[in-house]
Amino acid sequence: MRVLSGIQPSGSLHLGNYFSMMKKMIEHQENAELFCFIANYHAMTSVPDGKTLARGTLEAATNFLALGLDPEKSVFWVQSDVMEVQELAWALSNFTPMGLLERCHSYKDKVSKGIAANHGLFAYPVLMAADILLYQSEVVPVGKDQKQHVEVTRDIAIKFNNEYGEVFVLPEPEIDENVATVPGLDGQKMSKSYGNTINLFQDEKTLRKQIMRIVTDPTPVEEPKDPDKCTIFQIYRLFLDAGQQEALRKRYLAGGMGYGEVKEELFVTIRDFFAPFAEKRAELMAHPEHVREILAKGAEKARFVARKTLSKVRKKTGLIY
Ligand code: ADP
Ligand code: TRP
C-alpha cells in the first residue's frame, strides 16, 4: 500500500496537524510504503516572503523528523526539489473543469477571509492532485478539511484515465473520525489562521498560557459537567487510551472537579508528551546540514518514482514527439 501526504511549511505546527496527519503518517511507516513531503509550493499561496518560506521549510522538515518520521523507512522530501510535479500539474489542468475548482470550500473560505483570489490559490487543488497522482498514491491521510481536495484529485484522475487509459491510481482519503477536527482554544476548528492553536514546540510558560485560555462554560466546581461539550476534554482525550478517557469522563459527570484542575493536568500531559520530541528537535536544529542531506536523498528517491509516471504522461499526451 502506498501512502502519501504533505504538510505546508506555513506556520507553527499545532495539535490538529499532529493528530490528524503527522502521527498517522509516522504510524504508517511501519506498514506501508510511505511518501511524505513538505508542501512549499503550496505554502507560496500564503507566505509571500522568501526568507520566511525557506526558514519554515527547513523547520517543518526538522519537526517532522523530530516527531519520529524515519527517512530510512520512508521517502521524505521537499516538494520543490522534484519539479516534475509542476509539469504534471499543467497536464492535469487540462482535465480540470473550472466548476470543480470553484466549488472548493478551502478556496472559498480563504477568499472570504480576505486572502487575494489569485491563480495560485485557485489552482491549489490541481497542484495537490499532481502531488498525489505523480507518486501513484493509494491512501492519503489528511484532516477533514482536505477531504474535498482528494475527491477533486479522483475526479481529475478519472477524466485523464478516461481519455488516455489507466495511467493513474485512484487515491482514497484516510480520515480518522476521532480526530477529524481537533478543536482550538475557543472550541472552533484549531487553525493557525484563527489564532486558537496549541503548538507542539514551545516553552512551558507559553504552553501553560495557551491552555489556560481554553474557553469553558460557567458551571460551578461542585456540579457535574458534560465532557462532550467541553473543549478541554476534547483535546485531553487525544492523549488518553479508552480506559483513561472513561475515567476522566466519570470525573466530569461526578461533579466536584473544576476546569482549572483539568487544565493543569492537560498542561502536564502535553508538556511531558512532547518533551522527548523537543530534545530530538534541538539535536537536529544544531545540525541543519544533516537535515538537508536527508532531504536531498529523499528527493532523489521521490524523483525516481515521479519520472516514471511523468514519462507515461508525456508519451500519452504527445509531449514526446
Ligand atoms: P491550518 O488550518 O492550521 O492552516 P493546515 O491547513 O496547514 O492547518 O493543515 C495541515 C494538515 O493538518 C491538514 O491535513 C489538515 O487537514 C490538518 N489539520 C489542520 N487543522 C486541523 C484540525 N483542527 N483538526 C484536524 N486536522 C487539522
Ligand atoms: N493541502 C494540504 C494542506 O493544506 C497540503 C498538501 C499539499 C497535501 N499537497 C498534498 C496533502 C497532497 C496531501 C496530499 O494540509
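Given R₀ = 45 Å, FRET efficiency for residue 212-residue 304 by Cβ-Cβ distance, to 0.05?
0.35
Only lysines eight or more places from residue 113 in sequence, or on another chain, were considered; those with a Cα closer than 28 Å are 51, 144, 147, 189, 192, 209, 229. Once C-alpha pairs closer than 8 Å and six or more residues apart are averaged by separation and normalised to the residue number of the stretch 201-282, the relative contact order reads 40 percent. For the pair the stretch 196-259 and the stretch 15-91, the centres of their Cα atoms are 31 angstrom apart.
On full extension, the segment bounded by residue 280 and residue 296 gains 3.7 nm, given 0.36 nm per residue less the C-alpha separation. Summary of the geometry: the stretch 293-321 and the stretch 129-168, compared by the centres of their Cα atoms, lie 17 Å apart. Dividing the summed -39500 (n - 2.57) terms of all DSSP H runs of n ≥ 4 by the residue count of the chain sets its mean residue ellipticity at 222 nm at -16500 deg cm²/dmol.
Of all aspartates and glutamates in the structure, the ones whose alpha carbon falls short of 14 Å from that of residue 315, not counting any fewer than 8 places away in one chain, are 87, 163, 166. With the cut-off at under 15 Å, measuring from each backbone N in the stretch 19-55 to a point 7 Å along the Cα-to-Cβ line of residue 106 picks out 20-22, 37-47. Ordering of 102-115, 1-14 by packing is 1-14, 102-115, highest average first (other Cβ atoms within 10 Å, averaged per residue).
Candidate membrane-span-like segments in the chain, meaning DSSP H helices with Cα atoms spread over at least 15 Å of their own axis and a Kyte-Doolittle mean of 0.5 or above, are 119-134, with no membrane implied.
In this label model, residue 246 and residue 159 are separated by 5.0 nm, measuring between points 7 Å along each Cα→Cβ vector. How far apart, in nm, are the 7 Å Cα→Cβ label points at residue 271 and residue 228? Each label point lies 7 Å from its Cα, and together they span 3.3 nm. In this label model, residue 55 and residue 311 are separated by 4.2 nm, measuring between points 7 Å along each Cα→Cβ vector.
Rule-based calculations on the coordinates, nothing more; no lab input. On a predicted model such as this, the values are computed, not experimentally measured, just so you know. A quick note on method: Cβ atoms are made from the backbone with ideal geometry, for glycine too, and the neighbour counts reach across all protein chains shown.
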